[in-house]
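*Asks:* Okay, handing you the structure first.
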Amino acid sequence: MSVESIGVCYGMIGDNLSPPSDVVRLCQSKGIHALRIYFPDQATFDALKGTGIDLAMDVPNNVLPSLAYDASAASRWVQNNILAHDGVSFKYIVVGNELFGDAANNILPAMSKIWDALCSAGRCNQIQVSTAVSFSVVKNTYPPSYGEFGESFMFPIVNFLKNTGNPLMVSIYPYFSYAQNQAQISQDYASFKAPGPVFSDGQYRYQNLFDAMVDSVYSALEKAKGPRVRVIALESGWPGSGGVGATLLNAQTYNQNLIEHARNGTPKRPGNMEIYIFAMFNENKKEGDEVERHFGLFNPDLSPAYPINFNPEQNVCNAV
């Protein structure tokens with residue numbers, strides 16, 4: 001497995017978190033080779049310079065309207081937040097996070113203008129552009145071959161990704177599917193612990209919910225005429241507290257199994273898959289249900305919430 005296929009989402013919605021310089025040193029010590037941040041952050045850029053850690057960086061939702069219909073604004077955004085930071089290994093620009101409704105109409109024009117600005121600067125062969133969508137943009141997800149996009153804004157986005165060779169980024173959370181439907185989804189199936197295949201879909205056999213969810217996205221892409229668009233699981237994780245089945249042991253089990261599973265891909269798309277684990281820390285100021293504040297791999301003081309090995313082939317537990 002390529003260790004570069006595993007990243008971590010570095011959210012900062014907390015009032016007790018360590019500075020980015022310490023967080024980057026933590027990543028280096030634990031073998032974390034990729035990060036996602038949710039907005040441009042100068043302190044994080046400074047900490048990442050020269051480290052070789054790949055960065056997926058969001059264009060925040062509230063910025064999209066100003067970029068969607070103004071090419072010069074998009075060019076300035078790229079200049080100020082990407083080109084001005086030599087030594088930072090930008091890998092992905094994520095234009096908007098889980099938008100729906102009228103706000104989703106800004107995704108494609110903003111993506112297009114960001115892409116054009118990168119290409120004008122000679123960087124679109126180094127940095128890819130996408131958007132992060134919720135799994136709920138897919139309907140008819142069981143069996144996976146029935147998957148299709150239920151949101152009309154997805155079809156032109158898929159066409160853009162297909163034509164530019166960029167990936168689709170999706171939040172894939174078996175935890176929430178399990179927590180909301182325990183009568184039909186077992187914890188073992190949701191956390192990679194099922195002893196054998198749970199069901200078959202044509203030629204494909206499914207032993208875990210993660211694969212079934214990802215392959216339903218691939219089925220939707222095929223129906224949207226984007227069969228070669230690659231899927232990146234830009235968020236996936238399991239909470240350690242605050243909800244049904246949310247324990248440190250269950251979180252450790254899911255995330256370790258997820259890391260080890262990344263090398264396999266899915267039945268429809270075998271091979272190495274790129275996955276970002278949510279999240280680096282428990283974020284005590286995050287809004288929403290209590291469970292949302294308990295996805296951290298690490299505590300705010302940088303101690304591990306539980307042991308996790310980001311490079312399983314080395315057979316060394318990095319987070320102890």
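*Asks:* Just going by the charge dipole of the chain, with Lys and Arg at +1 and Asp and Glu at -1 on Cβ, which of Asn257, Ile6, Leu161 is farthest out on the positive end?
*Replies:* Selected residue: Leu161.
*Asks:* Among DSSP beta bridges whose residues both lie in segment 129-237, state the antiparallel percentage, nearest 5.
*Replies:* Roughly 40 percent of the DSSP beta bridges within segment 129-237 come out antiparallel.
*Asks:* Separation between the Asp46 and Phe100 pseudo-spin-labels, each 7 Å from Cα along Cα→Cβ, expressed in nm?
*Replies:* Between Asp46 and Phe100, the simple spin-label model gives 4.0 nm.
*Asks:* Using label points projected 7 Å from each Cα along Cα→Cβ, tell me how many nm separate Ala194 and Ser152, to one decimal.
*Replies:* Going from the Ala194 label point to the Ser152 one covers 3.6 nm.
*Asks:* Suppose every Lys and Arg Cβ carries +1 and every Asp and Glu Cβ carries -1, with no other charges. What dipole size does segment 75-205 come out with about its Cα centre, to the nearest 20 debye?
*Replies:* Magnitude of the dipole: close to 240 debye.
*Asks:* Can I ask one more? Would you work out the relative contact order for segment 126-262, in percent, from Cα pairs under 8 angstrom that are 6 or more residues apart?
*Replies:* Once normalised by length, the contact order is 29 percent.
*Asks:* How many times 2.2 N^0.38 Å is the alpha carbon radius of gyration of segment 1-153?
*Replies:* Compactness ratio reported: 1.12.
*Asks:* Continuing with this model, one more query. Just the accessible area per residue of segment 209-320, please: how many Å² with a 1.4 Å probe?
*Replies:* 37 Å²
*Asks:* At 0.36 nm per residue, and after removing the present C-alpha to C-alpha distance, how many nm does the segment from Lys285 to Arg25 gain when stretched out fully?
*Replies:* Taking Lys285 through Arg25 to full extension adds about 91.2 nm, to one decimal.
*Asks:* Here is a follow-up. For Lys49, which aspartates and glutamates qualify as cross-link partners when the Cα separation must be under 19 Å and same-chain residues fewer than eight apart are set aside?
*Replies:* Output for Lys49: Glu4, Asp22, Asp41, Asp58, Asp86.
*Asks:* Sticking with this structure for a sec: On a straight-distance basis, which lysines could pair with Lys268 in a cross-link, Cα separation under 17 angstrom, same-chain partners fewer than 8 positions away excluded?
*Replies:* Lys268 reaches Lys223, Lys225.
*Asks:* Could you compute Rg(Cα) / (2.2 N^0.38 Å) for the chain, with N its residue count?
*Replies:* Dividing the Cα Rg of the chain by 2.2 N^0.38 Å gives 0.96.
*Asks:* Further, regarding this structure: Taking a 1.4 Å probe, which of Val229, Val198 shows the most accessible area, and what order do the others take after it?
*Replies:* Sorted by accessible area, descending: Val198, Val229.
*Asks:* Something else now. Scan segment 224-265 for trypsin sites (Lys or Arg not before Pro) in coil per DSSP, keeping those whose Cβ has at most 12 other Cβ atoms within 10 Å, and list them by number.
*Replies:* Lys225, Arg228
*Asks:* Additional query: Limiting things to C-alpha atoms, what are the Rg and the maximum Cα-Cα separation (Dmax) for segment 181-320, in angstroms?
*Replies:* 16.0, 48
*Asks:* Also: When you take every Cα atom in segment 1-54, what is the radius of gyration, and what is Dmax, the widest Cα pair distance, in Å?
*Replies:* 11.0, 36
*Asks:* Now, a different point. Which entries in the list Lys91/Lys162; Lys91/Lys285; Lys139/Lys162; Lys113/Lys285; Lys91/Lys113; Lys193/Lys285 go over 25 Å, if you measure between the two C-alpha atoms of each?
*Replies:* Lys91/Lys285; Lys113/Lys285; Lys193/Lys285
*Asks:* On to the next question. Need one value: the accessible area of Cys119 in square angstrom, 1.4 angstrom probe, rounded to the nearest 10.
*Replies:* For Cys119, solvent-accessible area is about 50 Å².
*Asks:* Could you give P(r) for segment 195-240, binned at 10 Å from zero, as whole percent values over all Cα-Cα pairs?
*Replies:* It works out to 22, 44, 29, 4, in whole percents.
*Asks:* What's the FRET efficiency of Val244 with Phe39 using the Cβ-Cβ distance as r and R₀ = 35 Å, to the nearest 0.05?
*Replies:* E between Val244 and Phe39, to the nearest 0.05, is 0.70.
The values are calculated or read from the model by the stated rules, or taken from the named source; none is laboratory data. Please read all numbers here as calculations on a predicted model, not as lab measurements. Methodologically, a virtual Cβ is constructed for each residue, glycine included, from the backbone with ideal geometry; neighbour enumeration extends over all protein chains shown. To get the accessible areas, we keep the full protein, side chains included, count just its heavy atoms, and leave off ligands, DNA and RNA. Shrake-Rupley method; radii C 1.70, N 1.55, O 1.52, S 1.80 Å.
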